[in-house]
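Chemist: Below are the structure tokens for one structure; questions will follow.
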Amino acid sequence: MVETLVQNIVFGLLLGALYGLAAVGLSLVFGVTKFLNVAHGELLMLGGYASFWLFNLYRVDPFLSLPLAALALVVVGVVLYLLLFSRTVKMDEEQKVQTTMLIGFGVSVILQNLAQRLWTADDRSITTAYSRMSWTLFDIRFPIVRVVSMVVALVLVIALHQFLQRSYFGKAIRATVEDWEEATIIGIDTHRVYLVAFIIGAALAGMAGTLVSVGYSIVPSMGLEWTLVCLVVMTLGGLGSIIGTFVGGLILGVAQALTAFAVGGAYRQVVGLLLFLLVLAVRPQGLFGVKEG
Amino acid sequence: MLNVENINVGYKDLQVLWGVSFQVNQGELVALIGPNGAGKTTTLKAIMGLRRPWSGAIYFEGCNLCKAPAHKMAELGIAMVPEGGRVFTGLTVLENLELGAFPPHARKHMAQTLEEMYQLFPRLAERKFQRAGTLSGGERQMLAIARALMSRPKLLMLDEPSFGLAPLLVDRIFAKIQEINQAGMTILLVEQNVRAALELAHRSYVIQNGRIVGTGTSEELLSFEFVRSAYLG
Amino acid sequence: MSRRDIAFIISTLIAAAALAVVPTITTKESVINLLVLVYIYVMMASSWNIIGGIAGQVNLGHAAFFGLGSLVSRILWTKGWPLSISLILGALVPVAFALLIGAPSFKLRGVYFAIGTLAMAQILFITTRNLFPMISSLPTEALSTYSLAPRYYMALGMTLLTVLVVFWLSRSRWGLGMVAVREETSAAESLGVSALQHKLLALCLSALFAGLAGGVFAYYSAGYYLFFPFFPTWTFDAVMATYIGGTGTVIGPIIGAVFYVLVKEILALRFVELHPFIFGTLFILVVLFLPGGMIQIWSRLRRLLVRKSTLAPSAAKEEQVPETNMVHDRPAVE
């Protein structure tokens, strides 16, 4: 009994790391640009398929295809930004959030159906030679791929945090978040900052997708669920800091695992949504969008 | 150096500036004085490309600023100190200064300029790892000026540097401004504090209700009855 | 009532009468089925438009109302309750739900309301999927006597009711109050318009007609998964149809829904499912470039024609039709 519970929590943490990684991408984009890109889940799905096909057609190891998935999503991100999202940068904040949300829905409808046409509606996952292996510690199972995925997610999140804190461009991004007008005055091209943030967000989504396709499974219709997960995590993570958001992901993972343990796996999604509504009820005006740092 | 020619500027359907023209020559310290809401800040924003004029032109060293994107102004050599010493409060003092050197030509000399700034404002050196949000009003104003100078500008524009500061601090800040000007920097100073500005400036323009209504040296302006009655009581 | 209003009502009634004749001139089931689908979409789009368009609160949980309506109607009706009572309760339960979630959710501004309602609808979707995983089929005796005609008339009648109520609403003080709330909440409040009351009424009416649409769906369908009407697709379809047609207007959602279903079905016949690309693209284009939707194209064209046919430019100016993002070419607040 206790072992099952601990096992559940471990699985929850492992999955929660991917929630965190996905949400950090969306949170960065929202924090910097105030674009609420609800097609974030679809970007993740595309990353998953990129790695899936690289593995199935060319036998590229999924962990090696991570940069390729990121690259593919960078391209998608640039196209989406230049074609659609850049047209909203001049709007006032509330209108921008709403308009980008609607655009995001349009994009997600298109991408989801594109994936379904191209790759059918079947569940897919990458099965490598080491997929079934796991470490065991005190009778608790640690599947290798999921543990490695968690490490990768953690490394990416810390790298992003360091980039924002230490690099010159990262500081420019933080400055832009704080006051875009002031940033423009000192010579920062805020459009470029927005573009870079958007691309980083897309790349993170793509890599999260790869990790999901290794440890779990992907399907064209997964986008909405993952977008909601990201929104929930952003809310739980609260203060909009990168590390906080990642921790929010872990919390959601554990909360889901405990729910699955207590009332059955069918309700694991519900707990996140309920937590989300609960936080909304307590803090109705504005949850995410507080600055990094 | 800076030629503002007959610009009309507004927000939506509200016109703020009406045919404003003035110039600033190399090495000068020019003040733009006028009451609250006269259009002083809008003038600076128009020069920085943050508000596009409906008509008219702005030339900086012969280059038409109206055709340049706003973030290029710093690269062209114009720096602005925003009103009230607005700085990036979430970043440290050092990070603020580093970002001030964003234009490529300034970034090359970042270390050297930073040293100069610490000499000019020793206070900032003491507080370099502190978040800018923890600074006092006067310190913030110094940081804002130093950050602007980090871009090694040819023209420094200050928007109400006396805003919200105690008289003693105002004197200190204005002394610094004079010092910077005497070192060769061209300065456009926008002020509501007319007495302090006139003491400092070589020439001044008086702006009222979005129009330039008078210009001259400080002595000439002080002889204008309306300047005396309106601003000096 | 203005001449335009009377013209609208008369043309709506004529259209309804013409559509009522359809089953007598064709026995093709495909035509009847297509029209029933059109009616359900018109009801969905028009009802979403009350809260999303007229009152301006983007509700992404519309499927919850549709789903609740169909669930309640279907279960009661298949348990042997009279159809009328099943349908009425099927419309009232979503209203009760709207009242329940309304007050807390309207504390959320703009986008939080959108995501909050989406989360709520997803909770209902997942829960019903878990509680009712089976297909609901009509009992054999009901299936043997299944006839399309009464379902067709039921759908047509309910659609007519929906359209007329939305039309009445758009002309009423309440409707104008909703527009005022959408345009500038604080100004509306100072004029004595209670934002909460108006939003709540809009949400309840929206839930009522979405619930009715659900009831029509429950009555019409021979067999379906009970959780099917809770799919978020129902929300997104209604939102896209409304925006494409022209959000905030009476006619826009109708045109959008008809266009949506017809294009979808025609494309489904000829090609593989292409319609999501087309609607997704159209939707994005409307959001970015044509916030008034197809209706706006029409009014722009008409303005162009008016301008051309009038010699004196000043006269043309007077006849200019304002942008249709207001209710029916009328100023927002009088």
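Chemist: Would you mind checking the tilt of helix B:137-149 against the longest principal axis of the Cα atoms of chain B, expressed as 0 to 90 degrees and rounded to 10?
Modeler: 90 degrees
Chemist: To make sure I understand the rule: partners must be lysines, Cα under 18 Å from the Cα of B:LYS176, and not fewer than 8 residues away in the same chain. Which ones qualify?
Modeler: B:LYS154
Chemist: Sticking with this one: Let me know the number of lysine pairs in chain A closer than 14 Å at the Cα, not counting same-chain pairs under 8 apart.
Modeler: Summing the qualifying lysine pairs gives 4.
Chemist: Another question, then. Run the Debye formula on the Cα coordinates of the protein assembly as shown, all scatterers equal and no solvent, and tell me log10 I(q)/I(0) at q = 0.05, 0.06, 0.07, 0.11 1/Å.
Modeler: -0.36, -0.51, -0.67, -1.28
Chemist: Compute the relative contact order of chain A as a whole-number percentage, counting only Cα pairs closer than 8 Å that sit 6 or more residues apart in sequence.
Modeler: Rounded, it is 39 percent for chain A.
Chemist: Which peptide among A:64-76, A:117-129, B:113-125, C:58-70 comes first, and what is the full order, when sorted by highest mean count of other Cβ atoms within 10 Å?
Modeler: Ranking the peptides A:64-76, A:117-129, B:113-125, C:58-70 by packing returns C:58-70, A:64-76, B:113-125, A:117-129.
Chemist: Going through region C:42-130, which trypsin sites (Lys or Arg not before Pro) have at most 10 other Cβ atoms within 10 Å and a DSSP loop state?
Modeler: C:LYS79
Chemist: Next up: Let me have the relative contact order for chain C, percent, based on Cα pairs under 8 Å that are six or more residues apart.
Modeler: Reported relative contact order: 28 percent.
Chemist: Taking 56 Å as R0, compute the FRET efficiency from the Cβ-Cβ separation of A:ILE144 and A:LEU83 and round it to 0.05.
Modeler: Efficiency computed from Cβ-Cβ geometry: 0.90.
Chemist: How many partner chain Cβ atoms sit within 10 Å of a residue's Cβ in peptide B:144-152, on average, as a whole number?
Modeler: 1
Chemist: Another one. Mind pulling the angle between the C-alpha long axis of helix A:93-119 and the longest principal axis of chain A? Nearest 10 degrees, somewhere in 0 to 90.
Modeler: Approximately 40 degrees, to the nearest ten.
Chemist: Suppose each label sits 7 Å from its Cα in the direction of the beta carbon; what would the B:SER223-A:LEU71 distance come out to in nanometres?
Modeler: In this crude spin-label approximation the distance works out to 7.5 nm.
Chemist: Related question: Using only the Cα atoms of region C:3-301, what are the Rg and Dmax in Å?
Modeler: In Å, with Rg to one decimal and Dmax whole: 18.7, 60.
Chemist: Give me the orientation-averaged projected area of the Cα convex hull of chain B, in nm², one decimal.
Modeler: 12.2 nm²
Chemist: Next up: Does anything in region B:59-73 have its amide N under 19 Å from the 7 Å Cα→Cβ label point of A:GLU181, and if so which residues?
Modeler: B:69-73
Chemist: Next question. At 222 nm, what value in deg cm²/dmol follows for chain C if DSSP H runs of at least 4 each add -39500 (n - 2.57) and the sum is divided by all its residues, to the nearest 500?
Modeler: That comes out to -25000 deg cm²/dmol.
Chemist: So, in Å, what gap is there between the alpha-carbon centers of region A:105-173 and region B:142-178?
Modeler: Centre-to-centre (Cα) distance: 49 Å.
Chemist: Please give the net charge around B:PHE174, taking every other residue with its beta carbon less than 15 angstrom from that of B:PHE174, where Lys and Arg add +1 and Asp and Glu add -1.
Modeler: -3
Chemist: What is the average number of partner chain Cβ atoms found within 10 Å of a Cβ in A:104-115?
Modeler: Partner-chain Cβ atoms within 10 Å, mean over residues of A:104-115: 6.
Chemist: Sorting check: for B:133-140, A:45-52, B:79-86, which peptide has the highest mean count of neighbouring beta carbons within 10 Å, and how do the rest follow?
Modeler: Ranked from most to least packed, the peptides come out as A:45-52, B:79-86, B:133-140.
Chemist: Oh, and also: Using alpha carbons only, how many degrees (0 to 90, rounded to 10) separate the axis of helix A:223-237 from the longest principal axis of chain A?
Modeler: That helix lies at roughly 80 degrees to the long axis.
Chemist: Please give the peptides A:151-157, B:43-49, A:164-170 ranked by average Cβ packing (other Cβ atoms within 10 Å per residue), highest first, as a rough proxy for protection.
Modeler: Result, highest mean first: B:43-49, A:151-157, A:164-170.
Chemist: 222 nm [θ] for chain A, helices only, -39500 (n - 2.57) per DSSP H run of 4+, per residue, to 500?
Modeler: -25000 deg cm²/dmol
Chemist: What are the aspartates and glutamates whose alpha-carbon lies under 20 Å from the alpha-carbon of B:LYS12, with same-chain residues fewer than 8 places away excluded?
Modeler: Answer for B:LYS12, where 20 Å is the Cα cut-off: A:ASP92, A:GLU93, A:GLU94, A:GLU181, C:GLU183, C:GLU184, C:GLU323, listed by chain and number.
Chemist: Roughly how crowded by other chains is peptide A:91-99, in terms of the mean Cβ count from those chains within 10 Å of each of its Cβ atoms?
Modeler: Shielding by partners across A:91-99 averages 2.
Chemist: Whole angstrom only: what separates the Cα centroid of region A:185-229 from the Cα centroid of region A:61-96?
Modeler: If you average the Cα positions of each part, the centres end up 7 Å apart.
Throughout, read-outs are computed from the coordinates displayed, never taken from laboratory work. Remember, predicted model here, so these are calculated numbers, not experimental data. Here Cβ is always computed from backbone atoms with ideal geometry, including for glycine, and neighbour counts include all displayed protein chains.
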